[in-house]
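Everything on this sheet refers to the single structure shown next.
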Amino acid sequence: MTGRTGLERADSKSSPFESRRSFLAALLGVGSVFVGALLSVPLIRFALFPLIRRTTELKGSAVGALSDFASSTEPVMRTIQIEQVDGWRKAVSEKAVYVTKDSKGQLRVLTSICPHLGCTVPWNKEKNQFVCPCHGATFTADGTRVSGPSLRGMDMLETSIRDGHLQVRFQYFRQLVSDKEVIG
Ligand code: FES
């Protein structure tokens, strides 16, 4: 016998009540997935934030009032505070920079890090030059290379003026190369 009884046929068809219940369950499922996805976006952004932002960010630092440098005739050393943000970490360190003037008398700020191998370069008052103590590179007061193993002059930093005060954006540059190249 291959035919199905009338009772079996009636059982295989779902009632209108069951259909409505499955539709509501499906709707609830889709709604839950949608709301879950919506809520997870900020959480995912929060978790990935240290990975997707720039690895290291250096903020601007105060150097001093413009009036402090108006009458200077040679480079003036200043210690600046650098706020470094790396992912979730924030570190504050100090760096020495020189405020000097170019041939037109415009202020410029030089990093004290030697472009040869990274020693701190002091200003030599007697020689009227920057003289690196490590391998003897020399530079003029505005940072131009004079002699020695360095392939370029001292690195100039980006500056800005806010309310009569000089600000500088400290950066690190690649050593042992002739062109200035930012590395951080
Ligand atoms: S590190 Fe300055 S000359 Fe070598």
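The values are calculated or read from the model by the stated rules, or taken from the named source; none is laboratory data. Note that this is a predicted model, so its numbers are computed, not measured. All Cβ positions, glycine included, derive from the backbone under ideal geometry; neighbour counts span all protein chains shown. Side chains included, ligands, DNA and RNA excluded: accessible areas come from the protein's heavy atoms. Shrake-Rupley method; radii C 1.70, N 1.55, O 1.52, S 1.80 Å.
Largest first, the residues TRP123, TRP88 sort by 1.4 Å accessible area into TRP88, TRP123.
Taking a Cβ cut-off of under 12 Å around LEU107, the surrounding Lys, Arg, Asp and Glu residues balance to a net charge of +1, with basic ones at +1 and acidic ones at -1.
Give the Debye-formula value of log10 I(q)/I(0) at each listed q (0.20, 0.24 Å⁻¹), with one equal scatterer per alpha carbon of the range 138-184, two decimals each. Listed by q, the Debye log ratios stand at -0.74, -0.91.
Across the range 109-184, C-alpha contacts under 8 Å between residues 6 or more apart give a mean separation that, scaled by the residue count, equals a relative contact order of 27 percent.
Projecting label points 7 angstrom from Cα along Cα→Cβ for PHE23 and GLU181 puts them 6.7 nm apart. The trypsin sites (Lys or Arg not before Pro) found in the range 123-164 that occupy coil by DSSP, while having at most 14 further C-beta atoms within 10 Å, are LYS125, LYS127. By a 1.4 Å probe calculation restricted to protein chains, HIS135 has an accessible surface near 100 Å², given to the nearest 10.
The Cα trace of the range 80-179 gives Rg and Dmax of 14.3, 46 Å, the first to one decimal, the second as a whole number.
A Cβ-based charge dipole, computed about the Cα centre of the range 67-175 with Lys and Arg at +1 and Asp and Glu at -1, lands at about 200 debye.
Classify the range 55-138: rounded, prolate or oblate, from the alpha-carbon gyration tensor (a ≥ b ≥ c, eigenvalue square roots; a/c under 1.5 rounded; otherwise prolate if a/b is larger than b/c)? Note, shape of the range 55-138 comes out oblate. When all protein chains stay in place and ligands, DNA and RNA are ignored, the 1.4 Å accessible-area order of CYS134, CYS119, CYS114, largest first, is CYS134, CYS119, CYS114. Among the GluC sites (Glu not before Pro) within the range 85-158, those in coil by DSSP and having at most 13 neighbouring Cβ atoms inside 10 Å are GLU126.
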